[in-house]
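First comes the structure, then the notes that go with it.
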Amino acid sequence: MPDPTSTITLKDLKCLDTSLQFIIDHLSLPRLEVVCLSTGREQRDEDSGRLKGFLASFLKMVSRSKCASRIHSLSLKKVPITKDLLSLLSLMPNLVTLNIRAKLAYTTTPDEPEREVTEIIRSLIRELEVKPDQDTFFLPKLQHIAITLSRHVDQYNFPYLDSRDQDDLVRTLQSRWHVESHSGLERLQTFQYWISARDLEPAYYRLTPQTEAALGRLEDEGMGISIRVRSKLVRPDIPSVVVDFGRHSA
């Protein structure tokens, strides 16, 4: 029978109250293995400070419990993505499954939080790349990763899939698939990257022929890849599906 203290699921962090905050501040879960955090609804500006405060307390609980190395599944749904994410993940060497779903706040102008999210996701993909002479690895046991990013209005500071980003992505996936020469490194089995926003400019997102060819070879070898870019509330001149690559469901 599963240990009930090995999993924590908090589905609606918007309903935080002082009692839950008090519990987290004093809770210890040394056998924690599965974490699922979700705001349950769309994030608003007035929620941001309280959520970040809770997440800081949650991270302290993980540190206090000394359970980070046991966690094998982490799901963050509509939870604020901050620069602490990579630091948190670096403490989870046995993480197998990572699921990030971020719905960025409603805005009509560029802003720092969204620029930060863009760079965090880019940094995550680059950090996962394995170099030929590398002997220590970021998330060495990771086998499944799913990233979903969406927002309501246009693409200010939104993660583009330009040629540089595509080159980084291809190198990372290739290095995480061909792992035979790296002891202790698990093969990445599935990769999902979905983006949706209003009136996306297709030129910034379309996969190059070189990228499609490289990803196609990885699929032929068995990796499950799904990359989708969709434009919501589209102008007549923009197709609703900008990119839809992948034969497998990641």
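What size of dipole, in debye to the nearest 20, comes out for the range 124-229 about its Cα centre when the only charges are +1 on Lys and Arg C-beta atoms and -1 on Asp and Glu C-beta atoms?
Details: 12 positive and 17 negative charges, 50 e Å.
With only Lys, Arg, Asp and Glu charged at Cβ, the dipole is about 240 debye.
Modelling each spin label as a point 7 Å along the Cα-to-Cβ direction, I'd like the K60/R247 distance in nm, to one decimal.
Spacing of the two 7 Å Cα→Cβ label points: 5.1 nm.
Sorting check: for 207-216, 141-150, which peptide has the highest mean count of neighbouring beta carbons within 10 Å, and how do the rest follow?
Working: 207-216: 15.5, 141-150: 19.0.
Per-residue mean Cβ counts within 10 Å order the peptides as 141-150, 207-216.
Starting from the 7 Å offset along Cα-to-Cβ, what nm value, one decimal, do you get for the label separation of V179 and D84?
It is 2.8 nm.
Every number here is computed from the coordinates shown, using simple stated rules; none is lab data. Quantities reported herein were computed from a predicted structural model and do not represent experimental measurements. Because the Cβ atoms are built from the backbone with ideal geometry, glycine has one as well, and the counts that use them run over all protein chains shown.
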